[in-house]
Amino acid sequence: MQRCNKQSGFTLIELIVIIAILGVFAAIAVPNFLSYMPKSRLNGAARQVMGDLMAARMKAVSQNNEFKIFFLANGHEYMILDDDDNDGTADGGEWTETKDIQNGYQDVTIGSNNDPIFSPRGTATNLPTITLTNPSGSKIITISIAGRVKIN
């Protein structure tokens, strides 16, 4: 009977080389990842606002009354109003929902030059230019008179 004293595994030098290679890859990847995150948050915020605007338009058509979106002065909140009496103001009993864009996208601010109104026919008035900004840049959302919402 023969005995074999062969041991398997990695040597200390092999492990140190592997750890050094992983460290170099991490040093290259982390700055790219960190610069990607603000851009990703800005894109996500723009998609959220666009989705909320499109949902307000669909609700205006399905409920046969106007929906108005107010962009609040604090730079990160907007309010969706189910304007049952079509007077453009939030009266008692009318459904409103306030959304804070910074709950999910902490460094994004929002501004608008107007507050859009979606009619029961799906068209829009008070056509705004909505600008979302953060350290990576800005995104602009526009609404056409036909009610189409688009990220530029």
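Give me the extension gain from PHE25 to SER138: residue separation times 0.36 nm, minus the current Cα-Cα distance, reported in nm with one decimal.
On the way: separation 113, 0.36 × 113 = 40.68 nm, distance 3.05 nm.
37.6 nm is the gain from fully extending PHE25 to SER138.
Could you check the spin-label model distance between ASN152 and ASP91? Points 7 Å from the Cα along Cα→Cβ, value in nm.
With each label point 7 Å from Cα toward Cβ, the separation is 3.6 nm.
Using θ = phi - 60° and the Karplus relation 6.51 cos²θ - 1.76 cosθ + 1.60, list the HN-Hα couplings for the stretch 51-67 in order, rounded to whole Hz, with x at every Gly or Pro.
x, 5, 5, 5, 5, 5, 4, 5, 5, 4, 5, 5, 9, 6, 8, 6, 10
Could you work out [θ]222 nm for the chain from helices alone, using -39500 (n - 2.57) per DSSP H run of at least four and dividing by all its residues? Round to the nearest 500 deg cm²/dmol. Mind showing how you got there, number by number?
Working: 1 runs with 52 residues, N = 152.
Per the formula, -13000 deg cm²/dmol.
Explain nothing, just the number: dipole magnitude of the chain about its Cα centre with +1 on each Lys and Arg Cβ and -1 on each Asp and Glu Cβ, in debye rounded to the nearest 20. Don't skip to the end; give the middle numbers.
Details: 13 positive and 15 negative charges, 267 e Å.
With Lys and Arg at +1 and Asp and Glu at -1, about 1280 debye.
Specify the residue with the greatest mean-square fluctuation among TYR105, TYR36, TYR78, computed from a Gaussian network of the chain linking alpha-carbon atoms under 10 Å apart.
TYR36
For the stretch 10-125, with the dipole built from +1 on Lys and Arg beta-carbon atoms and -1 on Asp and Glu ones, taken about the Cα centre, which of ALA45, HIS76, PHE118 lies farthest toward the positive end?
ALA45
What is the sum of charges around GLY44, taking Lys and Arg as +1, Asp and Glu as -1, for the other residues whose C-beta is under 15 Å from the C-beta of GLY44?
Numbers: positive: LYS39, ARG41, ARG47, LYS99, LYS139; negative: ASP52, ASP100, ASP107.
Summing Lys/Arg as +1 and Asp/Glu as -1 gives +2.
Checking the cross-link filter: which lysines have an alpha carbon closer than 25 Å to that of LYS99, excluding same-chain neighbours under 8 positions apart?
LYS39, LYS59, LYS68, LYS139, LYS150
Where a number appears in this text, it was derived from the coordinates with a stated rule and is not lab data. Owing to the predicted nature of the structure, the values given are computational and were not obtained by experimental measurement. Positions of Cβ are generated from backbone atoms using ideal geometry, with glycine treated the same way; all protein chains shown enter the neighbour counts.
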